[in-house]
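The values are calculated or read from the model by the stated rules, or taken from the named source; none is laboratory data. Values in this document were obtained by computation on a predicted structure and should not be read as measured data. As a convention, Cβ positions derive from the backbone with ideal geometry for all residues, glycine included, and neighbour counts pool all protein chains shown.
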Amino acid sequence: MKIAILSGKGGTGKTTLATNLFTYLEDYALIDTDIEEPNSHLFLDFTIQDKTPVYKDYPVVDPNRCTLCGKCGEHCNFNAIIVTAKKVIVSEDLCHSCGFCKAVCPEKAITYAKKSIGDIYHTKTSSEKDFSYGLLNTGEVSGVVLVETLKSETFAMPNVLIDCPPGAACTTAASIEGADKAIIVSEPTPFGVSDMDIVVELLNNAGIDFGVVINKAGSADTEIYDYLEKNHIPLYGEILYKASRARHYSKGELLIYHDEAFKENIKTIAAHVLEGEHHA
Amino acid sequence: MREIAIISGKGGTGKTTLALSIIPYFKELVIADCDVDAPDMKILLSQKQTEKNLFYGLQIPTFDYDRCIDCKLCHQSCAFNAISESIELIPGKCEGCNFCEYLCPVNAITMENHAIGHLNKHQTAYGPMVDAKLFPGQESSGKLVSEVRDKAIELAKDTHRETIIIDGSPGVACNVISTITGVDEVLVVTEPTMSGIHDLKRVIDLIKIFNIPIHVIVNKATINEAKTEEIKEYCQENNLKVLLEIPFDQTIVNDISRKVIPSLGESTFFKSKDWKAFVKHLI
């Protein structure tokens, strides 16, 4: 089964849940698709088996062939090509690699070159489990290709946990594609509730079955519980806020090794998520 | 005009909490919530939503199946795999390049404006606010961020307001780049955790590309004092200043839950010398 872990709001505990669930479940791999700010690797003990750059294509104009006709600039919808009286200026960062400019050039002056936008790391943990993550180069605009490559290289494995990016934009949509189930990690604050709404809609649109884990639970704020009830969303588990937990987290430690009650939480959540799996 | 952006790299470090807390000290203010995936400023600030408009971020193809000869050229040529073999658009994949329309030999493709979210204006006690809500899974969210900022600048000019406070989103890619491009200064909110420090370094690398003045704020500083020291050392090595340390304080969380701006709420931190000095420095 492919299980996506996501949140809407950042910092609710996606990575905490993903890394601890990964450690608890013997037959699951973990991939971290938060390629802008991946954190799972900070909590795990692993050896890198393979590091591969991911490239994007961008146009290069041959000045000897170019007649400055301007067609490439006219057709580029991303303002990535500007044709001046003297030369063609290409912005690699703005380019979406759509291929339009190359196709419209009457002089065949445009070829595509490759530029690295980030790297994918495939690793084995100290207990011989598969863990992979991607890291987008700073300054790059979009990491969707990185997410898609990371997934295509790992989705042949039968059981994968996906530590997704926050929000619900294109990289999150790419991360949940093909998932069988999802866990939303939220927190009992007005922001946690408000930001959960957009991922609920994203998962409903994608037809993915999901439940919610409430992290940092224990406050008097009950809005989130009302929201779950009203929207008929199952509660997979609650994890209490404790200063000791924040401290273990701050040091990059896996809570499952330090906190028995937390381990019980993980067991409960795993049971909910995997429910019916072996009968299917 | 002065634009101040608040970002963090890592999510949940306290961007919105800080943005909300500084707002009451500014006069002649416009507020821009650029976290278009998860806009939260309105929860505490909005007195009234004054405008709500669709934002058309890109054009997407529509197909005239009476004309289509099923040559599959559009399907084969789409760099984003946005057109299925049966010539249907796969939602959320199209990036709006218009190449398919150009390629179609029988003019069976027409491009239509596609809404990627809502753009809203609000009235608040501290000045007008612009925010937006992206539709789930949409491309081009950076354009929506830019639009929020453009509208905020327009409002500031029209109403002769001097300062724009921008609340950003987590990450380092399109949304954050659109949030900080051309602003006057950036406040980076971090936390003393391994994740916080890892993500801080990446977001600082990004801001340096744009050559914008940076102030670092350590939130929840008391969670791990050793890590707070580590942040200070890193900042010193990189000629950056930690302008403020905010202790972890459950009353701040409770204030947010009560929908009270933290600096106007129960926490004693906001009566401290440190906070007052920070505010004085900022305004």
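Does region A:238-250 contain any residue that is in contact (Cβ under 8 Å) with a residue 12 or more places away in the chain, closer than 30 Å to A:Gln49 by Cα and within 14 Å of chain B (Cβ to nearest Cβ)? Yes, region A:238-250 contains a residue that is in contact (Cβ under 8 Å) with a residue 12 or more places away in the chain, closer than 30 Å to A:Gln49 by Cα and within 14 Å of chain B (Cβ to nearest Cβ).
Kindly indicate whether A:Glu148 is charged (D, E, K, R), within 12 Å of chain B (Cβ to nearest Cβ) and over 30 Å from B:Met41 (Cα atoms). It is true that A:Glu148 is charged (D, E, K, R), within 12 Å of chain B (Cβ to nearest Cβ) and over 30 Å from B:Met41 (Cα atoms). Take B:Phe99 and decide whether it is surrounded by 21 or more Cβ atoms within 10 Å (Cβ to Cβ) and of a type in the set (Phe, Trp, Tyr). Yes. Of everything in region B:53-106, what is closer than 24 Å to A:Val147 by Cα, within 13 Å of another protein chain (Cβ to nearest Cβ) and of a type in the set (Ser, Thr, Tyr)? Give them in sequence order. Scanning region B:53-106 gives a single hit, B:Ser77.
Condition test on B:Ala32, is it in a loop (DSSP other than H, G, I, E, B) and farther than 30 Å from A:Thr16 by Cβ? For B:Ala32, the condition - in a loop (DSSP other than H, G, I, E, B) and farther than 30 Å from A:Thr16 by Cβ - is not met.
Would you confirm, using the coordinates I've provided, whether B:Ser169 is facing chain A (nearest Cβ under 9 Å), surrounded by 19 or more Cβ atoms within 10 Å (Cβ to Cβ), more than 17 Å from the chain's Cα centre (by Cα) and among the hydroxyl-bearing types (Ser, Thr, Tyr)?
Numbers: facing chain A (nearest Cβ under 9 Å): yes; surrounded by 19 or more Cβ atoms within 10 Å (Cβ to Cβ): yes; more than 17 Å from the chain's Cα centre (by Cα): no; among the hydroxyl-bearing types (Ser, Thr, Tyr): yes.
Considered against the rule, which asks whether it is facing chain A (nearest Cβ under 9 Å), surrounded by 19 or more Cβ atoms within 10 Å (Cβ to Cβ), more than 17 Å from the chain's Cα centre (by Cα) and among the hydroxyl-bearing types (Ser, Thr, Tyr), B:Ser169 comes out as no.
Mind checking whether some residue in region A:257-273 is within 12 Å of chain B (Cβ to nearest Cβ), in a helix (DSSP H, G or I) and buried (at least 21 other Cβ atoms within 10 Å of the Cβ)? Checked against the condition, which is being within 12 Å of chain B (Cβ to nearest Cβ), in a helix (DSSP H, G or I) and buried (at least 21 other Cβ atoms within 10 Å of the Cβ), region A:257-273 yields no hits at all.
Within region A:5-17, the set of residues being farther than 18 Å from A:Leu202 by Cβ and either of a type in the set (Gly, Ala, Ser) or more than 14 Å from chain B (Cβ to nearest Cβ) (or both) comprises A:Gly11, A:Gly13.
Count, please, the residues in region B:180-196 that happen to be within 26 Å of B:Ile223 (Cβ to Cβ) and more than 9 Å from chain A (Cβ to nearest Cβ). Steps first, please.
Kept after step one, since they are within 26 Å of B:Ile223 (Cβ to Cβ), are these residues of region B:180-196: B:186-196.
Next, from what is left, pick out any that are more than 9 Å from chain A (Cβ to nearest Cβ): B:186-190.
The qualifying residues number 5.
Among the residues of region B:216-229, those identified as under 27 Å from the mean Cα position of the chain (by Cα), more than 9 Å from chain A (Cβ to nearest Cβ) and over 12 Å from A:Ala246 (Cα atoms) are B:Val216, B:Ile217, B:Val218, B:Asn219, B:Thr228. In region B:145-160, is there at least one residue being of a type in the set (Gly, Ala, Ser), assigned to a helix (DSSP H, G or I) and touching a helix residue (DSSP H, G or I) at 6+ places or on another chain (Cβ under 7 Å)? Yes, that holds for at least one residue.
Conditions tested, residue by residue: (1) within 11 Å of chain B (Cβ to nearest Cβ); (2) at pLDDT 95 or above; (3) in contact with a strand residue (DSSP E or B) (Cβ under 8 Å, 6 or more places away or on another chain); (4) more than 30 Å from A:Lys181 (Cα to Cα).
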position: A:Asn20; (1), (2), (3), (4): no, yes, no, no
position: A:Leu30; (1), (2), (3), (4): no, yes, yes, no
position: A:Thr33; (1), (2), (3), (4): no, yes, yes, no
position: A:His41; (1), (2), (3), (4): yes, yes, yes, no
position: A:Gln49; (1), (2), (3), (4): no, yes, yes, no
position: A:Pro53; (1), (2), (3), (4): no, yes, yes, no
position: A:Asp57; (1), (2), (3), (4): yes, no, yes, yes
position: A:Leu68; (1), (2), (3), (4): no, yes, yes, yes
position: A:His75; (1), (2), (3), (4): yes, yes, no, yes
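Restricting the search to strands (runs of 3 or more DSSP E) fully inside region A:46-137 and requiring at least 2 residues that are within 22 Å of B:Glu101 (Cα to Cα) and touching a helix residue (DSSP H, G or I) at 6+ places or on another chain (Cβ under 6 Å) gives A:81-83. Taking only region B:10-46 into account, find how many residues are modelled with pLDDT under 95 and away from chain A (no Cβ under 13 Å). So the count comes out to 2.
For region B:113-128, the count of residues that are surrounded by fewer than 18 Cβ atoms within 10 Å (Cβ to Cβ), more than 30 Å from B:Leu44 (Cβ to Cβ), of a type outside the set (Phe, Trp, Tyr) and touching a Leu at 6+ places or on another chain (Cβ under 7 Å) is zero.
Here A:Gly139 meets each of (1) within 22 Å of B:Leu144 (Cα to Cα); (2) modelled with pLDDT of 95 or more with one exception, condition (2). Within region B:235-257, being over 17 Å from B:Lys15 (Cα atoms), among the polar types (S, T, N, Q) and without any contact (Cβ under 8 Å) to a residue 12 or more places away in the chain holds for B:Gln236, B:Asn239. Criterion applied to A:Ile110, A:Ile89 was being over 18 Å from the mean Cα position of the chain (by Cα), more than 30 Å from B:Asp199 (Cα to Cα) and either buried (at least 21 other Cβ atoms within 10 Å of the Cβ) or touching a residue at least 24 places away in the same chain (Cβ under 8 Å) (or both), and the one residue passing it is A:Ile110. Screening A:Val185 against (1) touching a residue at least 40 places away in the same chain (Cβ under 8 Å); (2) farther than 12 Å from A:Gly8 by Cα leaves a single unmet condition, (2). Checked against (1) outside any helix (DSSP H, G or I); (2) more than 24 Å from the chain's Cα centre (by Cα); (3) over 26 Å from A:Ser194 (Cβ atoms), A:Glu253 passes all but a single condition, namely (2).
Out of the residues in region A:158-198 that are of a type in the set (A, V, I, L, M, F, W, C) and at the interface with chain B (Cβ under 7 Å from one of its Cβ atoms), state the one that is farthest from A:Glu229 (Cα to Cα). Spell out how you get there, then give the answer.
The initial filter retains those residues of region A:158-198 that are of a type in the set (A, V, I, L, M, F, W, C), namely A:160-162, A:164, A:168-170, A:173-174, A:176, A:179, A:182-185, A:191, A:193, A:196, A:198.
With the extra rule that they be at the interface with chain B (Cβ under 7 Å from one of its Cβ atoms), the set shrinks to A:168-170, A:173, A:191, A:198.
Values: A:Ala168: 22, A:Ala169: 26, A:Cys170: 29, A:Ala173: 25, A:Phe191: 18, A:Ile198: 17 Å.
Ranking the candidates gives A:Cys170 first.
When A:Asp221 is tested against (1) more than 22 Å from A:Phe22 (Cα to Cα); (2) in a helix (DSSP H, G or I), only condition (2) is not met. Is it the case, given these coordinates, that A:Thr171 is polar (S, T, N, Q) and either assigned to a helix (DSSP H, G or I) or not assigned by TED's automatic domain parsing to the domain that holds A:Tyr249 (or both)? Considered against the rule, which asks whether it is polar (S, T, N, Q) and either assigned to a helix (DSSP H, G or I) or not assigned by TED's automatic domain parsing to the domain that holds A:Tyr249 (or both), A:Thr171 comes out as yes.
Scanning region A:174-188 for residues that are more than 22 Å from A:Leu150 (Cα to Cα) and surrounded by fewer than 24 Cβ atoms within 10 Å (Cβ to Cβ) yields a count of 1. Pairs meeting the criteria (first residue in region B:258-277 and in contact (Cβ under 8 Å) with a residue 60 or more places away in the chain, second residue in a loop (DSSP other than H, G, I, E, B), beta carbons under 9 Å, at least 6 apart or on different chains) are B:Val260/B:Glu266; B:Pro262/B:Asp249.
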